[in-house]
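Chemist: Take a look at the following structure, please.
The values are calculated or read from the model by the stated rules, or taken from the named source; none is laboratory data. None of these values were measured; they are calculated from a predicted model. Cβ: placed from backbone, ideal geometry, glycine included. Neighbour counts: every protein chain shown.
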2 protein chains.
Amino acid sequence: MPEPTKPLLRALAGEAVWPPPMWLMRQAGRYLPEYRAVRAGVPDFIALCTSPDLAAEVTLQPIRRFGFDAAILFSDILILPWALGHGLEFKEGEGPVLPKLRDAAGLAALDPARVSDKVAPVMETVRRVRTGLAQEGFDRTALIGFAGAPFTVACYMVEGGGSRDFAATRALAYADPGLFGGLMDMLTEATIGYLSAQVDAGAEVLMLFDSWAGVLSPSLFRTHAIAPAARIVSELNRRHPGVPVIGFPRLAGLMIGEYASVGARAIGMDTSMDLSRAAAVVPADVALQGNLDPMALVAGGAALATETSRILQAMQGRPFIFNLGHGIVPQTPPEHVAALVEQVRAA
Amino acid sequence: MPEPTKPLLRALAGEAVWPPPMWLMRQAGRYLPEYRAVRAGVPDFIALCTSPDLAAEVTLQPIRRFGFDAAILFSDILILPWALGHGLEFKEGEGPVLPKLRDAAGLAALDPARVSDKVAPVMETVRRVRTGLAQEGFDRTALIGFAGAPFTVACYMVEGGGSRDFAATRALAYADPGLFGGLMDMLTEATIGYLSAQVDAGAEVLMLFDSWAGVLSPSLFRTHAIAPAARIVSELNRRHPGVPVIGFPRLAGLMIGEYASVGARAIGMDTSMDLSRAAAVVPADVALQGNLDPMALVAGGAALATETSRILQAMQGRPFIFNLGHGIVPQTPPEHVAALVEQVRAA
């Protein structure tokens with residue numbers, strides 16, 4: 001394979017690119033007026049995710065404004081369970097609402113065979129973004145495809161929506177390991193197929209979001225966060241050698257070093273992570289990605305500059321990808337993002 | 001000072017007591033029918049916290065049932081801001097509701113001078129529990145007093161209630177460090193006075209609950225979790241030599257070793273903590289406390305036994321206090337607690 005030239009791909013190959021490549025989680029989102037304009041024209045969030053022209057457009061918007069080093073497919077981690085036949089609705093101001101999967105009948109109702117038809121519009125979005133990036137001259141910007149990690153997706157399916165601690169999911173994992181394991185296995189295999197199709201459509205990097213891994217005890221973390229991620233990464237590496245995977249086990253805390261064993265080329269760091277400590281337990285050629293507090297970006301000014309400097313200082317000399325520690329929030333002033341980009345580019 | 005004889009105090013003095021002393025966070029609570037009977041007779045939760053006869057009664061209930069090594073004062077971390085004059089209401093099924101402190105006027109309205117009168121019933125509860133333990137022959141059970149850590153209390157005061165990520169609190173901490181620092185300083189000093197009064201009333205151990213420390217970036221964690229805890233512990237040690245403090249920085253993750261510098265005699269571990277890894281970064285004479293997943297206790301059976309064994313195995317030979325990683329939940333069958341006690345006592 002030729003040496004990668006895009007900064008993100010170089011960092012993922014283990015190079016300490018400096019200034020570091022940067023992008024922001026949820027960079028295509030409500031803090032941008034041009035996003036809100038597109039969003040206002042569709043009936044609901046799923047319609048936006050499954051309209052390739054609109055999804056490609058909002059994916060490209062933040063690249064045009066800020067020239068980020070990555071465009072990330074505009075979609076949602078719950079598109080996969082939706083494609084498996086699990087119900088999904090996004091209620092304004094309430095987040096996702098799903099049926100609660102708590103028994104064997106709920107699991108049996110899922111149908112992996114229908115996924116590829118249902119996610120065809122997502123693959124079309126990937127193709128259009130890849131073409132769009134080239135046509136608009138964004139030669140340094142890499143395209144990231146993504147999926148929710150099986151545990152996080154299972155959380156929403158079992159709980160029926162968001163939760164502070166996903167207590168019902170953990171209870172099911174303890175009380176009925178057969179059923180929960182069956183759900184996890186199905187999601188793991190479906191995730192491999194879904195991510196693999198994104199590579200076929202043009203994704204250059206893949207990211208696995210385990211947003212709720214941090215609610216797991218260490219033993220369940222090994223079973224339901226590390227093992228599925230290792231399986232997914234290893235199978236993707238077999239099918240698509242050279243396509244790097246970024247793992248993001250949010251709130252993994254002390255487990256972060258052990259998670260690094262899954263074979264990802266970068267590990268996402270949530271806001272709470274001390275980067276120097278994480279760097280000490282993650283292999284030196286695996287990039288770290290993160291982890292500015294989105295609320296520092298809302299505040300702007302001195303707080304933003306100070307927190308950003310701390311991160312840059314801790315990571316200089318190491319493969320690193322500048323990002324937030326969690327998704328950008330709607331009340332973020334776009335001019336604060338511009339100031340952040342300027343500071344990171346000047347590092 | 002004489003050598004302590006109660007198992008909890010011995011563990012807090014650095015002894016690897018085995019089987020380990022045990023108690024459960026929120027052990028006086030809704031999972032117990034005798035608690036629900038008392039709760040049904042009072043108009044609201046604050047009335048229960050400020051009725052010494054009832055609060056002492058519910059504090060003692062789990063000791064009578066399970067013979068735990070610690071009784072923990074029945075109260076709430078929001079009693080302190082309530083005593084400072086900040087509004088507080090507990091709405092059924094919704095949790096606490098408070099005014100939102102976001103400006104200098106909100107801070108100026110708090111009055112530390114009124115705290116000691118307002119918390120007088122809490123001190124009376126402490127006295128009655130201490131007397132009750134002796135009268136009922138619970139000679140091995142130590143009495144723990146507690147407070148919320150300043151950051152966690154500030155979270156509820158700024159946010160106006162619970163939250164998944166306390167975004168408004170973090171935003172205020174970044175955007176107006178003067179105001180937020182002023183609030184933190186006032187809470188820190190008020191917490192010292194409040195905990196010191198609990199010792200005067202008979203508390204033998206103090207615990208500082210920083211339930212939301214984990215939402216902080218590392219730099220804010222140092223400023224708003226570690227520094228106030230260090231100040232509180234050092235001043236309490238000066239006023240009450242020999243009275244141990246347990247620190248509980250929930251979801252501290254990689255910061256746990258640094259938090260150990262605050263001088264606490266034990267560090268509480270949340271459910272996500274890998275105990276062996278935590279033990280490697282916390283000094284060997286500082287006890288660890290935790291960290292069974294409350295949902296494993298709900299599940300019972302093999303899952304409960306396995307998770308409990310893992311914890312016991314990891315901690316044998318080290319000063320350790322068996323506990324949950326988070327409060328016991330209302331749907332916990334009391335017979336699962338009995339089975340847990342039996343397993344830990346047989347260790």
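Chemist: Of all residues being away from chain B (no Cβ under 14 Å) and of a type in the set (Val, Ile, Thr) in segment A:194-252, which is nearest to A:ILE321 (Cα to Cα)? Just the residue, please.
Modeler: Pass one, segment A:194-252, residues away from chain B (no Cβ under 14 Å): A:194-209, A:227-248.
Okay, now just the ones that are also of a type in the set (Val, Ile, Thr), so A:199, A:205, A:232-233, A:243, A:245-246.
Working: A:VAL199: 21, A:VAL205: 13, A:ILE232: 22, A:VAL233: 19, A:VAL243: 16, A:VAL245: 13, A:ILE246: 11 Å.
Selected residue: A:ILE246.
Chemist: Next question, about the same structure. Across segment A:236-261, what is the total count of residues that are in contact with a Ser or Thr (Cβ under 8 Å, 6 or more places away or on another chain) and either farther than 19 Å from A:VAL282 by Cα or surrounded by fewer than 18 Cβ atoms within 10 Å (Cβ to Cβ) (or both)?
Modeler: The qualifying residues number 3.
Chemist: Then there is this: Suppose we filter B:LEU101, B:LEU107, B:LEU78 for residues that are buried (at least 19 other Cβ atoms within 10 Å of the Cβ), of a type in the set (A, V, I, L, M) and either modelled with pLDDT under 95 or over 18 Å from the mean Cα position of the chain (by Cα) (or both); which single one remains?
Modeler: On the way: B:LEU107 fails: buried (at least 19 other Cβ atoms within 10 Å of the Cβ); B:LEU78 fails: either modelled with pLDDT under 95 or over 18 Å from the mean Cα position of the chain (by Cα) (or both).
After ruling out the rest, the residue left standing is B:LEU101.
Chemist: Which is at pLDDT below 95 and not basic (Lys, Arg), of A:ASP185, A:ASP200, A:ASP165?
Modeler: Values: A:ASP185 fails: at pLDDT below 95; A:ASP200 fails: at pLDDT below 95.
Answer to the check: A:ASP165.
Chemist: Next up: Anything in segment B:191-225 that is in a helix (DSSP H, G or I) and buried (at least 23 other Cβ atoms within 10 Å of the Cβ)? List them, or say none. It would help to see each step written out before you state the result.
Modeler: Applying the first criterion (in a helix (DSSP H, G or I)) to segment B:191-225 yields B:191-201, B:213-215, B:218-225.
Passing the criteria: B:THR191, B:TYR194, B:LEU195, B:GLN198, B:ALA213, B:GLY214, B:VAL215, B:PRO218, B:LEU220, B:PHE221, B:HIS224, B:ALA225.
Chemist: Now a separate question. Just to verify a result, which residue in segment B:300-312, among those that are of a type in the set (A, V, I, L, M, F, W, C) and more than 8 Å from chain A (Cβ to nearest Cβ), is surrounded by the most Cβ atoms within 10 Å (Cβ to Cβ)?
Modeler: Within segment B:300-312, the first condition is being of a type in the set (A, V, I, L, M, F, W, C), and the residues that meet it are B:302-305, B:311-312.
From the residues that got through so far, the ones that are more than 8 Å from chain A (Cβ to nearest Cβ) too are B:302, B:305, B:311-312.
Values: B:ALA302: 11, B:ALA305: 14, B:ILE311: 27, B:LEU312: 19.
This residue is B:ILE311.
Chemist: Just the residues that are facing chain A (nearest Cβ under 7 Å) and assigned to a helix (DSSP H, G or I), please, taken from segment B:164-186.
Modeler: Within segment B:164-186, the subset facing chain A (nearest Cβ under 7 Å) is B:164, B:167, B:170-171, B:174-175.
Hits for segment B:164-186 are B:ALA167, B:ARG170, B:ALA171, B:TYR174, B:ALA175.
Chemist: Ok, one more. May I ask you to say which residue of A:ALA279, A:ALA338, A:ALA264, A:ALA287 is within 11 Å of another protein chain (Cβ to nearest Cβ) and either surrounded by fewer than 21 Cβ atoms within 10 Å (Cβ to Cβ) or aliphatic (A, V, I, L, M) (or both)? Give the derivation first.
Modeler: Working: A:ALA338 fails: within 11 Å of another protein chain (Cβ to nearest Cβ); A:ALA264 fails: within 11 Å of another protein chain (Cβ to nearest Cβ); A:ALA287 fails: within 11 Å of another protein chain (Cβ to nearest Cβ).
From the options A:ALA279, A:ALA338, A:ALA264, A:ALA287, the qualifying one is A:ALA279.
Chemist: Report, by residue number, each residue of segment B:290-299 that is small (Gly, Ala, Ser) and at the interface with chain A (Cβ under 8 Å from one of its Cβ atoms).
Modeler: B:ALA296, B:ALA299
Chemist: What do you reckon, is A:VAL337 out of contact with any strand residue (DSSP E or B) (no Cβ under 7 Å at 6 or more places or on another chain), aliphatic (A, V, I, L, M), more than 21 Å from A:ASP285 (Cα to Cα) and assigned to a loop (DSSP other than H, G, I, E, B)?
Modeler: On the way: out of contact with any strand residue (DSSP E or B) (no Cβ under 7 Å at 6 or more places or on another chain): yes; aliphatic (A, V, I, L, M): yes; more than 21 Å from A:ASP285 (Cα to Cα): yes; assigned to a loop (DSSP other than H, G, I, E, B): no.
Spelling it out, it is not the case that A:VAL337 is out of contact with any strand residue (DSSP E or B) (no Cβ under 7 Å at 6 or more places or on another chain), aliphatic (A, V, I, L, M), more than 21 Å from A:ASP285 (Cα to Cα) and assigned to a loop (DSSP other than H, G, I, E, B).
Chemist: Only residues that are among the small types (Gly, Ala, Ser) and more than 8 Å from every other protein chain (Cβ to nearest Cβ): list them for segment A:267-276, please.
Modeler: Within segment A:267-276, the subset among the small types (Gly, Ala, Ser) is A:268, A:272, A:276.
Across segment A:267-276, the qualifying residues are A:GLY268, A:SER276.
Chemist: Can I ask one more? Limited to segment B:181-208, what total is found for residues that are of a type in the set (Phe, Trp, Tyr) and free of Cβ contacts under 8 Å to residues at least 40 places away in the same chain? Reasoning before the result, please.
Modeler: Taking segment B:181-208 as the starting set, the residues that turn out to be of a type in the set (Phe, Trp, Tyr) are B:194.
Cutting the leftovers down to free of Cβ contacts under 8 Å to residues at least 40 places away in the same chain gives us none.
Of the residues in that region, 0 qualify.
Chemist: Now, a different point. Being touching a helix residue (DSSP H, G or I) at 6+ places or on another chain (Cβ under 7 Å) and within 14 Å of chain A (Cβ to nearest Cβ) is the filter here; which residues of segment B:313-324 pass it? Before the answer, list the steps.
Modeler: First pass over segment B:313-324, keeping only residues touching a helix residue (DSSP H, G or I) at 6+ places or on another chain (Cβ under 7 Å): B:314-315, B:318-322, B:324.
Passing the criteria: B:ALA314, B:MET315, B:LEU324.
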